[in-house]
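Taking it in order: structure first as structure tokens, then the write-up.
The values are calculated or read from the model by the stated rules, or taken from the named source; none is laboratory data. Predicted model, so just to flag it, every value in this text is computed and none were measured. Positions of Cβ are generated from backbone atoms using ideal geometry, with glycine treated the same way; all protein chains shown enter the neighbour counts.
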Amino acid sequence: MKSTFEHLPRKVLFLCTGNSCRSQLAEAIVNHEMGGSWRAFSAGTQPAGYVHPLALRALEEIGIRHQGESKSVDAFRNESFDLVITVCDDAAENCPVWLGKGRRVHIGFPDPAKAEGSEEVRYAAFQQARDAIRERVLAFLRDYENSKPGA
């Protein structure tokens, strides 16, 4: 017989530097698509203080209304997570270090906020980031669930 604890959603924390784009996209997508089995949070080492408007627009385009806020990783230091996923682009940035509890994994994505050009070109970068996050992060979390005993 399974305990009530086994039915609780797993917790995942998405980390990046500014917590305004990629980690926010990941948090919103996981909570929307996998909310029954995962509870997602996001934070940054140097929070920007806002969620990028183009990230919110990209989420709304796929039916997700995100009410996120840019938060510091310090807010989660005493929390336990099943997974902590850094989403910064390894080659271009220094990924945050997580010293708390939780298995650390890196799944990097280019920062759409660094895209240059017209509004249309910049928005396309957010759409690409959203779609890549949706594909790679959700696949990773499903694989993680399936690899755990009792899943």
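So, of the residues in segment 29-48 that are within 17 Å of LYS114 (Cα to Cα) and not polar (S, T, N, Q), which turns out to be surrounded by the fewest Cβ atoms within 10 Å (Cβ to Cβ)?
ALA48
May I ask you to list the residues in segment 108-123 that are surrounded by 10 or more Cβ atoms within 10 Å (Cβ to Cβ) and part of a helix (DSSP H, G or I)?
Listed by number, the residues that qualify are PRO112, ALA113, LYS114, VAL121, ARG122, TYR123.
If HIS52 satisfies every condition in (1) within 11 Å of ASN19 (Cβ to Cβ); (2) free of Cβ contacts under 8 Å to residues at least 60 places away in the same chain but one, which is the exception?
(2)
Take the residues of segment 133-151 that are at pLDDT 95 or above and touching a strand residue (DSSP E or B) at 6+ places or on another chain (Cβ under 8 Å): which is surrounded by the most Cβ atoms within 10 Å (Cβ to Cβ)?
VAL137
Residues that are farther than 23 Å from ALA124 by Cα and modelled with pLDDT of 90 or more: list the strands (runs of 3 or more DSSP E) wholly contained in segment 5-107 that include at least 3 such residues.
On the way: elements: 10-16, 38-44, 80-86, 101-106.
Here the list reads 10-16, 38-44, 80-86.
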